[in-house]
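Asks: Pasting in a structure now, in structure tokens, and then I'll have a few things to ask.
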């Protein structure tokens with residue numbers, strides 16, 4: 001373990017842990033009132049569950065550090081097929097909550113699993129392995145490169161049918177960003193563009209005749225996201241406007257930890273989607289800016305690791321993690337600030353949620369494994385140079 005930790009990206013790990021600790025603190029503060037008034041639970045209910053999720057995620061992450069990325073080949077197809085089957089079963093047997101059939105509830109232990117979050121991680125691993133294998137082969141048809149990206153479309157369609165448009169768009173966007181980053185020959189680009197265009201038309205037809213409402217009435221209202229305080233009586237206007245009030249109340253230095261007024265049922269999702277406004281209200285705008293800077297630093301370190309990778313598999317794993325976190329951060333913060341429609345996307349390392357927490361931390365540890373392999377390869381290359 002000491003040898004592995006000597007090769008990880010320590011700044012990335014330290015800042016991530018600090019953000020997670022901040023998230024645990026804010027989950028406790030923002031959910032204490034909600035736990036009692038809305039769920040009739042103890043004040044520490046959500047904090048204890050989030051702490052358990054964090055501990056499980058870290059233990060799983062330590063296991064990930066030991067697994068060479070070349071072994072992902074044996075689990076990538078199993079993972080992508082498995083999550084596809086689970087998403088189909090979810091449409092048949094999942095429980096509807098907040099107008100979406102997105103969760104499996106585990107009886108007896110009061111835990112809900114959201115397969116869409118795991119689909120993002122499995123897609124990144126699958127695309128990394130598949131494109132690395134294709135890149136190694138010679139005289140491979142350009143159309144072979146469309147097979148992995150087509151899995152993003154399939155998974156995105158299944159998630160959109162729940163309907164969970166936010167997660168579906170993020171998953172498809174991750175797949176698309178990975179695809180356009182591939183080292184393809186320029187002569188093949190017209191074929192790729194034509195194929196993607198045909199695929200988009202087919203997807204549109206499938207959605208049109210699927211018999212499922214991709215957007216229900218509650219989600220359609222989310223596109224009316226501007227001027228939220230003028231729509232205070234509407235769901236999206238009410239939540240975002242109260243988020244504005246929380247941020248305004250906080251000022252530069254905040255009203256003090258635990259002293260938020262907006263968490264008293266004014267923000268129904270204060271410990272999940274709207275945890276950032278509560279953070280600013282209690283700890284101030286300066287702390288909020290520092291959190292954003294921490295996110296930028298994490299993304300910078302991941303991008304640096306991706307660019308330093310010695311093979312396409314590791315590069316895609318890191319780039320996938322970069323886009324995974326970027327889309328979540330941008331969509332959550334822009335949603336609570338009424339810059340984009342509100343989609344219910346969690347803020348990485350801060351928002352309450354078991355499935356999201358497990359996958360965010362798992363992706364960080366996968367990136368750390370890439371960093372380890374980068375350093376090991378660099379060390380071996382330097383040894384070869386000295387041996388000559």
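A short reminder: the numbers here are calculations on the coordinates, not readings from a lab. Since the structure is predicted, the reported quantities are computational estimates derived from the model, not experimental observations. Note that we place each Cβ from the backbone using ideal geometry, even for glycine, and neighbour counts take in every protein chain shown.
Asks: So what is Rg over Rh here for region 225-352, counting just Cα atoms and using Kirkwood for Rh? Intermediate results must be reported in sequence, preceding the final value.
Replies: On the way: Rg = 16.4 Å, Rh = 15.4 Å.
Taking Rg over the Kirkwood Rh, I get 1.06.
Asks: Can you work out D for the chain in µm² s⁻¹ from Stokes-Einstein, where Rh is the Kirkwood radius over C-alpha pairs, the temperature is 20 °C and the viscosity is 1.002 mPa s?
Replies: Working: Rh = 22.1 Å.
D = 97 µm²/s.
Asks: May I pose another question? Compute the length gained on full extension between residue 88 and residue 10: take 0.36 nm times their separation in residues and subtract their Cα-Cα distance, giving the result in nm to one decimal. Present the calculation step by step, with values, prior to reporting the outcome.
Replies: Details: separation 78, 0.36 × 78 = 28.08 nm, distance 3.95 nm.
So the extension gain works out to 24.1 nm.
Asks: Continuing with this model, one more query. Take 261, 69 and order them by how many other Cβ atoms sit within 10 Å, fewest up front. Before the final figure, lay out each step's value.
Replies: On the way: 261 15, 69 22.
In increasing order of surrounding Cβ atoms, one gets 261, 69.
Asks: Percent of Cα-Cα pairs more than 17 Å apart in region 320-388, please.
Replies: Numbers: 1316 of 2346 pairs.
Cα-Cα pairs in region 320-388 separated by more than 17 Å: 56 percent.
Asks: From zero outward in steps of 10 Å, how is the percent of C-alpha pairs of region 1-156 spread across the bins?
Replies: 9, 25, 31, 25, 9, 2, 0
Asks: Here's another thing I want to ask about it. Test of understanding: what is the full-extension gain from residue 264 to residue 36, defined as 0.36 nm times their sequence separation minus their Cα-Cα distance? Don't jump to the answer; show the numbers that get you there.
Replies: On the way: separation 228, 0.36 × 228 = 82.08 nm, distance 1.03 nm.
Taking 0.36 nm per residue and subtracting the Cα distance, the gain is 81.1 nm.
Asks: Still on this model: Just to confirm my numbers, what's the Cα centroid distance between region 347-388 and region 256-318 in Å?
Replies: Cα centroid of region 347-388 versus Cα centroid of region 256-318: 20 Å apart.
Asks: Cut-off is 10 Å between beta-carbons; in what order do 269, 281 appear when sorted fewest neighbours first? Mind dumping the intermediate values first?
Replies: On the way: 269 19, 281 30.
Lowest count first: 269, 281.
Asks: How far, in degrees from 0 to 90, does helix 146-160 lean away from the longest principal axis of the Cα atoms of the chain, to the nearest 10?
Replies: The answer is roughly 20 degrees.
Asks: So if I take the alpha carbon set of region 256-302, get Rg, then get Rh from the Kirkwood formula, what is the Rg over Rh ratio?
Replies: My calculation of the ratio gives 1.07.
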